[in-house]
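A short worksheet on the structure shown next.
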Amino acid sequence: MRSGSSPDDLTIAHWDPWLLVVLKPSGLLSQPGRGSHLQDSLITRLQHWSGDHHLVHRLDRDTSGLVLVARGLESLRRCSAIFAARRVNKLYEAEVVGQLQGRGRIDSRLARLDRDPPRYGDHPKGRPSTTLWRVRARQPNSTQLWLRPLTGRSHQLRAHLAGMGHPIVGDPIYGEASTTPMRLHARALGFEHPFTGLRLRVSTRQEDVPHAS
């Protein structure tokens with residue numbers, strides 16, 4: 001990895017003429033929100049560096065990890081197409097409240113149930129969503145998991161785990177109030193590069209990225 005390649009010392013995990021993979025800190029928005037106090041974001045920092053950067057997908061403010069950013073509109077079109085076709089392998093790591101064993105699959109129909117703050121949950125009219133999970137390690141009061149979302153719904157991992165009765169540690173919406181940053185990290189992205197055709201896999205650890213200041 002290389003730090004300091006973009007404004008405010010964002011870490012660039014991969015860069016080439018067509019795309020970047022950037023490490024987003026927990027606490028930083030992926031894109032600006034409504035209101036003058038919500039204008040600082042990953043993409044606005046990158047666009048101060050070069051205006052031709054475009055988000056291909058987003059992470060929640062409290063989630064840290066890897067975000068794919070297109071360089072140019074043709075790159076955005078191609079990168080968006082591989083996401084829409086679900087040809088991107090995404091791996092997350094999380095720490096959840098309570099004890100889990102083994103592995104499992106979560107299938108539900110997710111819909112937004114509340115607006116402020118936005119909260120999602122199972123609903124008959126929701127959109128189909130699927131998450132695979134596997135235990136990574138067990139702690140006295142929590143469990144570390146590997147997570148592989150097969151769909152990309154808003155708040156999918158957070159809502160799925162909370163629906164199981166095991167919210168993510170530090171989750172300010174689905175869990176209990178905490179001063180601990182949410183323990184959800186987008187660990188790896190793998191896909192066929194839309195320009196070179198070569199397989200690209202980028203990975204990082206949650207320990208590699210600081211909380212946003």
- Task: Quick one: count up the residues across segment 47-82 that are of a type in the set (G, A, S) and touching a Leu at 6+ places or on another chain (Cβ under 8 Å).
- Result: 4
- If you scan segment 167-193, which residues turn out to be over 18 Å from S30 (Cα atoms) and assigned to a strand (DSSP E or B)? I168, G190, F191, E192
- Any hit, segment 112-129, residues being loosely packed, with under 14 Cβ neighbours inside 10 Å and closer than 12 Å to L161 by Cα: no
- Message: So A137 ticks every box in (1) surrounded by 14 or more Cβ atoms within 10 Å (Cβ to Cβ); (2) over 14 Å from the mean Cα position of the chain (by Cα); (3) closer than 14 Å to A94 by Cβ; (4) aliphatic (A, V, I, L, M) but one. Which box is left unticked?
- Response: (1)
- Task: Sort out which residues of segment 50-79 are closer than 20 Å to L29 by Cα, buried (at least 20 other Cβ atoms within 10 Å of the Cβ) and of a type in the set (S, T, Y), and write them in order of number.
- Result: T63, S64
- Message: Checking I82 against (1) surrounded by fewer than 19 Cβ atoms within 10 Å (Cβ to Cβ); (2) within 15 Å of L161 (Cβ to Cβ); (3) among the β-branched types (V, I, T): exactly one of these is not met. Which one?
- Response: (2)
- Query: Can you tell me how many residues in segment 165-192 are surrounded by fewer than 16 Cβ atoms within 10 Å (Cβ to Cβ) and at pLDDT 95 or above?
  - Reply: 3
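The values are calculated or read from the model by the stated rules, or taken from the named source; none is laboratory data. Small disclaimer: the values here were computed from a predicted structure and weren't measured. Please note: Cβ atoms are built from the backbone with ideal geometry, for glycine as well, and neighbour counts cover all protein chains shown.
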